[in-house]
């Protein structure tokens with residue numbers, strides 16, 4: 001019962017935020033965010049606990065400027081990590097916290113292949129166009145007032161602060177458990193990515209609002 005009430009509270013907050021924030025997102029994408037929010041209650045209890053743990057870590061592990069550096073990792077920076085990056089960034093943008101997070105995706109290697117799974121984003125209001133540069137396969141993804149360039153990257157290609165960057169491994173056989181800030185969110189079903197990443201963004205927003213209220217007391 002407590003979990004269901006928490007889900008209801010978070011969904012009400014999600015719907016309310018549509019009216020007061022997310023000015024940079026297309027209306028259709030904002031509608032999609034709220035629609036997907038109605039499915040949060042479908043997330044299993046053990047998965048919710050794992051997502052909550054990741055949200056707490058993202059709030060706690062920030063640099064001296066208050067920015068959390070997050071990398072979503074799969075084997076070759078394909079559908080799992082790219083879609084996870086898009087939906088988590090969309091959720092963070094929806095709540096107006098984009099300045100507090102640097103979210104990237106990467107693979108242990110990058111295979112320079114097309115990613116057909118990104119086409120599904122068109123159903124939610126995104127505009128997707130091929131964007132090949134110097135032989136590197138990529139896409140330009142327009143979300144409203146701006147766009148993202150999406151292309152394959154290996155973890156070694158990224159410039160992230162060592163010791164602070166949070167690496168979320170989307171396949172549990174990839175992780176080195178001896179390294180701090182390595183987390184596992186094994187994602188074998190890509191159909192759950194949008195739901196889980198938007199829940200994560202909503203949970204992060206909830207924690208940030210709670211911290212802000214404490215500071216005002």
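At 0.36 nm per residue, and after removing the present C-alpha to C-alpha distance, how many nm does the segment from residue 188 to residue 123 gain when stretched out fully?
21.3 nm
Can you tell me the relative contact order of segment 93-217? Whole percent, Cα pairs under 8 Å, sequence separation 6 or more. Present the calculation step by step, with values, prior to reporting the outcome.
Working: 118 pairs, mean separation 22.4, N = 125.
Relative contact order comes out at 18 percent.
Taking 7 Å along the Cα-to-C-beta vector as the label spot, tell me the residue 42-residue 147 distance in nanometres, rounded to one decimal.
3.1
Can you give the three extents of the C-alpha atoms in segment 77-172 along their principal axes, from longest to shortest, in whole Å?
Computed over segment 77-172, the largest-to-smallest principal extents equal 36, 34, 26 Å.
Mind checking the full-extension length gain between residue 209 and residue 24? Use 0.36 nm per residue of separation minus the Cα-Cα distance, one decimal, nm.
64.6 nm
Kindly state, to the nearest 0.05, the FRET efficiency for residue 53 paired with residue 134, given R0 = 30 Å and r defined as their beta-carbon distance.
0.15
Of the listed peptides 116-129, 84-97, what is their order by residue-averaged count of other C-beta atoms within 10 Å, with the highest listed first?
The peptides rank, most packed first, as 84-97, 116-129.
Could you check what % of the DSSP bridge pairs in segment 2-216 are antiparallel, to the nearest 5?
That works out to approximately 40 percent antiparallel.
Based on the alpha-carbon set only, what is the convex hull volume of the chain divided per residue, in Å³?
Hull volume over Cα atoms, normalised by residue count, gives 132 Å³.
Once fully extended, how much extra length lies between residue 112 and residue 60, figured as 0.36 nm per residue of separation less the alpha-carbon to alpha-carbon distance? Each step should come with its number before you reach the end.
Working: separation 52, 0.36 × 52 = 18.72 nm, distance 3.42 nm.
Result: 15.3 nm gained on full extension.
Could you work out the per residue convex hull volume over the alpha carbons of segment 61-105, in cubic angstrom?
Spelled out: Cα convex hull of segment 61-105, divided by residues, is 59 Å³.
If each residue's Cβ is checked for other Cβ atoms within 10 Å, how do 114, 65 rank with the fewest at the top?
By the 10 Å Cβ count, ascending: 65, 114.
Readers should treat all values here as calculations from the given coordinates under stated rules, not as data from a laboratory. Worth saying up front: this structure is predicted, and the values here are computed from it rather than measured. Because the Cβ atoms are built from the backbone with ideal geometry, glycine has one as well, and the counts that use them run over all protein chains shown.
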